[in-house]
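Remarks on the structure that follows.
The values are calculated or read from the model by the stated rules, or taken from the named source; none is laboratory data. The model shown is predicted, which means the values in this text are computed figures rather than measured ones. FYI the Cβ positions are ideal-geometry reconstructions off the backbone, even for glycines, and counts take in every protein chain you see. What goes into the accessible areas is simple: the full protein's heavy atoms, side chains included, and nothing from ligands, DNA or RNA. Shrake-Rupley method; radii C 1.70, N 1.55, O 1.52, S 1.80 Å.
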Amino acid sequence: MTMPSLAIPRPVHPTGVWGWVTTIDHKRIGILYGVTAFVLFVIGGVEALVMRAQLVQAELDVVSPEMFNQLFTMHGTTMIFLAIMPMGAAFFNYVIPLQIGARDVAFPRLNAFSYWTFLAGAIMLNGSWFLGGAPNAGWFGYAPITGAAYNPGHGIDFWIMSLQILGIASLAAAFNFIVTILNMRAPGMTLMRMPLFTWMTLITAFLLVLAFPVITVALIELMFDRFFGTNFFVPGAGANPILWQHLFWVFGHPEVYILILPAMGIVSEVLPTFSKKPLFGYPVVVLSGLIIGFMGWMVWSHHMFTVGLGPIANSVFTITTMAIAVPTGIKIFNWLGTMWKGSITFSTPMLFSLGFITVFTIGGISGVMHSQAASDAQQQDTYFIVAHIHYVLFGGSIFALIAGIYYWFPKFTGRMYDELGGKITFWLVFAGMNLTFFPMHFTGLDGMPRRIYTYDSAMGWEFWNLTSTAGAALLAVGIAALIYNVVSGWVRGKQAPGDPWDARTLEWSMSSPPPEYNFAEIPTVTEVDDWWASKRRKDAAPVIAGASEDEGHSIHLPQPSYWPLVVSVGLLIGGYGLIYHYAVAAIGLAVSMVGVYAWSFEPVNDPDEGSGH
Amino acid sequence: MATAAHGGEHEATTTGLNHRKMLMWAFLGSDCMFFGSLIATYLVYKGKSKGGPQPIDVFDIPVTSVSTFVLLMSSMSMVLAYSALTRGSLKGFRIWIASTAIMGMTFLAFQVFEFNDFVNYEVHFKCEEVGTGSLTEFEESFSDRCVDGVDEVDGIHDSEGNNLTGLTPKTNLFGTTFFTLTGFHGAHVTLGVIWLLSIFFYSFRRGRVTPERHLDVDLAALYWHFVDVVWIVIFTVVYLFGVFEGF
Amino acid sequence: MSEDTQAAMQHGERKEAAHPSPLTYVAVAMTLAVITAIEVGIFYITGLGHAIIPVLVILSAGKFALVAMFYMHLRYDARLFSAFFAGGLALAAALVFALMWLSGFF
Ligand SMILES: [Cu+2]
């Protein structure tokens, strides 16, 4: 051993559960991310179903008002931070190294750390249900209702601590993917030859790196107010709680692009593949992504039109918000142009991508409606906004993520899903989604406020609420069908070939699932969609069905490590310590420090282990 | 060639740049947003405090100038440590990196001293100065203590002897934002000192810190200089501007 | 576009070999010390009033640039690194000014 001072042997080719715990293989970490995020997506969905049950009729008593507050807070926080973001991360992890022709990410252990830290954040947040009550101030946690004076108990503390831990996980992953994408591309893969999903991931990673520090500071300030009695958001001390809203939305608006850009990337892969045509206007799609990433910083106060920032600020943010719809609209026309005169196959990923375009466009249009400060004043905090965000986040992000699940399913699992089952799933989810959220436009314009736990029967909102709840039930059936379809395909689907879709990018140039080292030989790239082109040039190396042992023998992969897990566990202990007892926090810090030191001194590859070659 | 050896700098990368160094710069760009948000909070609340000491009451510019100077010089010492290592002088490297860490600790000592001073800040003034414009607003607020027969006000305490005029994070918005901003800078310095000392002690193990592995030191140095430039901003924006109302 | 960037990066990497001598570093340190002395000096000149603020901003920006260019080697290093740092810095500065404006500071 190279570290005699740490008399714990390094894991060498572990198997079973231990193999997953110590893994630093980007593909396994991607699977871990995906499965965990999906479980949390289901939990967030159940929370939504309970709320829909409560609202199905006027003046019901399914849950208490206090419970309802916790439900909508947990639903929003879970879906955004624990479901959509990590599902995106699952695709980053699994797909990006394959798309750029790399054998792993730039920092494999940091990657494992990201996953375990994300899991720690998920435990911290959901554990609150069992430790005296979940957070109850909405996913945006507006001050001063999150302050100690108005919100005693630990709910908000768990919310703060989990978002801080999740922030660390997201930042670590974002740094990792920036370096991976910029620095580990196959020879010849210039920036403008990168697949669109890789491009959108790169932009997303930059948004993460720049946006998360802002929410980190906001959360630190809130935490100090609660723990140490500082005055950041205490109006009595002269503080302006609007500062919280500014800091939150300076993060929050880039965050919505963090949620949607990977989705746009997935759709930009699926549409060309199933239209048998290159993406229409590749450079324009890239450029509009960059413009979205840049302009995403100039619009945040559209969440605050009713705060009273004054006519000048409202006008400025109205104009920037209307303007940011332009690059998004450009992308939609590019997607339509991609399909124009293509030979289209309506397989499940394609259906979900088409669903994405349709539903996301509706969400985009309602978004432009409340980009007008005057019009927004009517819509602020009504169900109209709830309809909008679900059209862009469910109809947008989730549809595209499900498209991605089906699209890469053969690559991830080595098996095919059942196509008929996939199509049924699509129609169930599509119908359920629209039935749930379209009526919310009506209830919203009719004046129904969000976040109320019940309403008076005289308001006339019952019919559309009943419709929404029926839609939610249908949606639940659709998600159940998705789970059944995926699990049954995974268990007993027929074996998938390396390139089942006759696809375009490098991940399809290898067996399904890929060998541990990904590429036996790193490819040289000469154009966009190089794999597609090389198939047409007939110089494509045949896809190897199953990698033989010999081939991977001389390829040296980074070895497993448990130190990333140790650091993450330290963070979790530290988080609980800050809430309950500082001595525990010190223990958490010590555990993390031990992990960091051991990690720093642990060589990427154990020289002894490699000496056999 | 699939993976670079630990600390190897000439791995084949797309850009020709080292992975770890690229990560470091991305982190520093990100950390700019962290301090930017803290400075924004400080400035948004500048002059909005209700009661309690203001910057002009507690700041001691000459003392802070000295600690600023120490931190600036530690940056020089850091770059000389790196320079010595790349030229192959392990001994020079050790001397300079140790002096960098010592200057960092000196800066922290100044900060502890300063924080302590602010927490125990007491109001002293001569009553003849009341209304002459030479007292700060905060001092003037105690001018009703100048009754017949009292020539000067000398510290203000309650019946149990507790200082009523100290500045803590709870006192007012200035205390809240000042201690948080400079405290997080201090935390960055502390982390840097731990990092530098770790490398210093590690250098006594043969072959661990070598000119070929200068990147390990380079990364720590980048972090250290970043902490220094953040202080350059804080010194001007918080301390020197501290006495101006409005801006 | 990308070829250009990469060529620039490789160019930057080559330049890295030519680090300045310790004398340059000491000269930079002396400059930093002198600027700080000037800052504190003019701070005590009363009568300058609020005109002192832009002067102090320029002086400290100069110090910032000196450390970043020489001590952090941005002057000699790849442009991509400068872009990462300048990007974060510019966005942070924009954030500070935007929040001050929206809070009615100016
Ligand atoms: Cu927004």
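Ignoring ligands, DNA and RNA, please state the percent of accessible area on the protein assembly as shown from carbon and sulfur, probe 1.4 Å. The partial results should precede the final answer.
Numbers: 24730 of 36450 Å².
That share works out to 68 percent.
Enumerate the amide H contacts of A:Val525 below 5 Å, restricted to partners 5 or more residues apart or on another chain; note that Pro and chain-start residues carry no placed amide H.
Answer set, sorted by chain and number: A:Gly188, A:Met189.
Could you compute the longest span of chain A free of chymotrypsin sites (Phe, Trp or Tyr not before Pro) located in DSSP loops and having at most 13 other Cβ atoms within 10 Å, not counting the site residues? Don't skip to the end; give the middle numbers.
Numbers: sites that count: A:Tyr150, A:Trp340, A:Phe346.
With chymotrypsin sites (Phe, Trp or Tyr not before Pro) excluded where exposed in loops, chain A gives A:347-613 as its longest stretch.
Could you derive backbone 3J(HN,Hα) for the stretch C:27-44 from the dihedral phi with the Karplus parameters 6.51, -1.76 and 1.60 (θ = phi - 60°), listing whole Hz in sequence and x where the residue is Gly or Pro?
4, 4, 4, 5, 4, 4, 5, 5, 4, 4, 4, 4, 4, 5, x, 5, 4, 8
Please give the per residue volume of the convex hull enclosing the alpha carbon atoms of the stretch A:494-537, rounded to a whole number of Å³. Before the final figure, lay out each step's value.
Working: hull volume 3.1 nm³, N = 44.
It is 71 Å³ per residue.
Could you give each residue of the stretch A:419-424 its phi-based ³J(HN,Hα) in whole Hz, using Karplus coefficients 6.51, -1.76, 1.60 with θ = phi - 60°, and x for Gly or Pro?
5, 4, x, x, 5, 4
Sequence neighbours fewer than 8 away in the same chain don't count; with that in mind, list the lysines whose C-alpha is under 23 Å from B:Lys170.
Those lysines meeting the cut-off are B:Lys46, B:Lys48, B:Lys50.
Could you pull out the longest piece of chain A with no exposed loop GluC sites (Glu not before Pro) in it, calling a site exposed if DSSP puts it outside H, G, I, E, B and it has at most 11 other Cβ atoms within 10 Å?
On the way: sites that count: A:Glu59, A:Glu521, A:Glu549.
By the stated rule (loop sites, at most 11 other Cβ atoms within 10 Å), A:60-520.
As a test of the definition: with a 1.4 Å probe, what buried accessible area, both sides summed, do you compute for B against C, in Å² to the nearest 100?
On the way: alone 13580 and 7880 Å², together 17090 Å².
Interface area, both chains combined: 4400 Å², rounded to the nearest 100.
Which ³J(HN,Hα) values, rounded to whole Hz and listed in residue order, are derived for the stretch A:140-155 from phi using the Karplus coefficients 6.51, -1.76 and 1.60 in 6.51 cos²θ - 1.76 cosθ + 1.60 with θ = phi - 60°, glycine and proline given as x?
8, x, 4, 6, x, 5, 8, x, 4, 5, 9, 9, x, x, 9, x
Sum -39500 (n - 2.57) across every DSSP H segment of at least 4 residues in chain A, then divide by the residue count to get the 222 nm mean residue ellipticity, nearest 500. Provide the component values of the computation, followed by the final result.
Numbers: 20 runs with 386 residues, N = 613.
Per the formula, -21500 deg cm²/dmol.
Looking at the stretch B:158-247, which GluC sites (Glu not before Pro) are in a loop (DSSP not H, G, I, E or B) and have at most 12 other Cβ atoms within 10 Å?
Values: sites: B:Glu160, B:Glu212, B:Glu245; in loops: B:Glu160, B:Glu245.
For GluC sites (Glu not before Pro) across the stretch B:158-247 that sit outside H, G, I, E and B with at most 12 neighbouring Cβ atoms in 10 Å, the list reads B:Glu160, B:Glu245.
Once amide H atoms are placed 1.01 Å from N in the peptide plane, what residues at a sequence separation of 5 or more from A:Arg415, or on another chain, have their amide H within under 5 Å of its amide H?
HN-HN under 5 Å from A:Arg415: A:Ala496.
So what are the three principal axis dimensions of the protein assembly as shown from its Cα atoms, in whole Å, longest to shortest?
Ordered largest first, the protein assembly as shown gives principal extents of 97, 81, 50 Å.
What number comes out for accessible area per residue over the protein assembly as shown if the probe is 1.4 Å? Units Å², please. Show your work: numbers first, answer last.
On the way: 36450 Å² over 966 residues.
Accessible surface, normalised per residue, equals 38 Å².
Can you sort A:Met459, B:Met33 by 1.4 Å-probe accessible area, starting with the largest? Could the numbers behind the result be given before it?
Details: A:Met459 95, B:Met33 0 Å².
So, going from the largest accessible area down, we get A:Met459, B:Met33.
Tell me, for the protein assembly as shown, which Cys residues have no other cysteine's C-beta sitting closer than 4.7 Å.
For the protein assembly as shown, the answer is B:Cys32, because their Cβ atoms have no other cysteine Cβ under 4.7 Å.
Output the 0 to 90 degree angle, nearest 10, between the alpha-carbon long axis of helix B:90-119 and the longest principal axis computed from the alpha carbons of chain B.
The angle comes out at about 20 degrees.
Give the cross-link partners of A:Lys494 among the lysines, using a straight C-alpha distance below 20 Å as the criterion and excluding same-chain residues fewer than 8 apart.
Leaving aside lysines fewer than 8 places away in the same chain, those within reach of A:Lys494 are A:Lys411, A:Lys423.
Which lysines have a Cα lying under 19 Å from the Cα of A:Lys331, excluding residues fewer than 8 positions away in the same chain?
Straight-distance partners of A:Lys331: A:Lys276, A:Lys277, A:Lys341.
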